[in-house]
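A short reminder: the numbers here are calculations on the coordinates, not readings from a lab. Since this is a predicted model, take the numbers as computed values, not measurements. Note that we place each Cβ from the backbone using ideal geometry, even for glycine, and neighbour counts take in every protein chain shown.
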Amino acid sequence: MHVRRSLRPEILDELDATDARALRSRRDLRLVNHFMRGEAWIARQITRMDGIERVVELGAGEGHLAAELKRRMPQAEVVALDLAPRPQHLDERVIWWQGNVLDYECYDSGTMVVANLFLHHLTESELGRLGAIIRGSYGLLAAEPHRGQVGMVLGRCLFPFVNDVTRHDMLVSIRAGFRPRELAGFLDTNGEWQWSEQRGWFGGIRTKALAA
């Protein structure tokens with residue numbers, strides 16, 4: 001049976017950044033990232049590629065992935081996009097661009113786009129707009145939740161170790177995640193990219209799309 005993506009509000013998005021529950025949930029998210037290994041996969045993939053002059057991270061959060069990519073690729077420009085202000089302790093070499101990711105348009109054939117647990121926040125129409133914006137870039141590396149019962153079961157395995165905000169938001173994220181080949185259809189790059197996908201640890205789906 002086909003299960004449609006379900007986009008619902010996440011509690012963390014509504015909490016003040018200094019709220020104790022928000023601070024705890026952000027720590028929980030680092031635990032989730034550790035198990036899913038999406039950031040590590042993106043870093044491994046991108047450092048094996050040649051010709052990348054700029055990396056643009058969508059939804060950079062606290063900037064951990066952007067900082068790691070700058071450490072591994074000091075010759076490349078690394079730009080982190082997020083609605084939040086620049087994190088206080090972020091590597092000063094990382095360029096922070098605060099705003100809606102759909103308003104950023106500085107992409108070219110030397111730019112690799114990366115996203116870790118972010119694209120599932122976008123509606124299908126927003127994903128279509130994003131695909132049109134990034135179509136001329138080097139490609140995309142994305143690690144996202146895999147939508148399905150296995151992901152739900154694995155997510156619930158973390159319930160004893162995380163707070164109420166994370167428990168709620170984790171299930172919301174999985175329901176908003178992607179099935180195989182869905183992301184390629186939503187971004188609709190007109191056949192200009194070559195797509196490959198694999199299942200990641202802990203209910204993730206990893207997508208690599210490169211300019212043909």
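One table, with the values for the structure above:
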{"read-out": "Of Gln45, Ala17, Val78, farthest towards positive along the dipole that unit charges on Lys, Arg, Asp, Glu beta carbons give region 1-93", "value": "Gln45"}
{"read-out": "Cα centroid separation - region 89-151 against region 187-211, whole Å", "value": "12 Å"}
{"read-out": "Calculated P(r) of region 1-117 - Cα pairs past 21 Å, %", "value": "44 percent"}
{"read-out": "Antiparallel bridges, percent of DSSP beta bridges restricted to region 11-211 (to nearest 5)", "value": "40 percent"}
{"read-out": "Simple Cβ-charge dipole of the chain, Lys/Arg +1 and Asp/Glu -1, about Cα centre, in debye nearest 20", "value": "900 debye"}
{"read-out": "Semi-axis lengths, Å, region 59-109, gyration tensor of Cα atoms, sqrt of 5 times eigenvalues", "value": "17, 15, 8"}
{"read-out": "Spin-label model distance (nm) - Leu158 vs Glu68, 7 Å beyond Cα toward Cβ", "value": "1.4 nm"}
{"read-out": "Potential extension, Gln88-Glu14 segment - 0.36 nm per residue separation minus Cα distance", "value": "24.5 nm"}
{"read-out": "Mean separation of Cα contacts under 8 Å, 6 or more apart, over the residue count of region 11-211: relative contact order %", "value": "23 percent"}
{"read-out": "Alpha carbon convex hull of the chain, projected area averaged over orientations, nm²", "value": "11.1 nm²"}
{"read-out": "Separation of the Glu124 and Trp201 label points, Cα + 7 Å toward Cβ, nm", "value": "3.3 nm"}
{"read-out": "Space enclosed by the convex hull of the alpha-carbon atoms of region 95-205, per residue, Å³", "value": "121 Å³"}
{"read-out": "Modelled FRET efficiency - R0 25 Å, Arg135 with Arg179, Cβ distances, 0.05 increments", "value": "0.65"}
{"read-out": "Listed peptides 32-44, 135-147 by packing density, highest first (mean Cβ within 10 Å)", "value": "135-147, 32-44"}
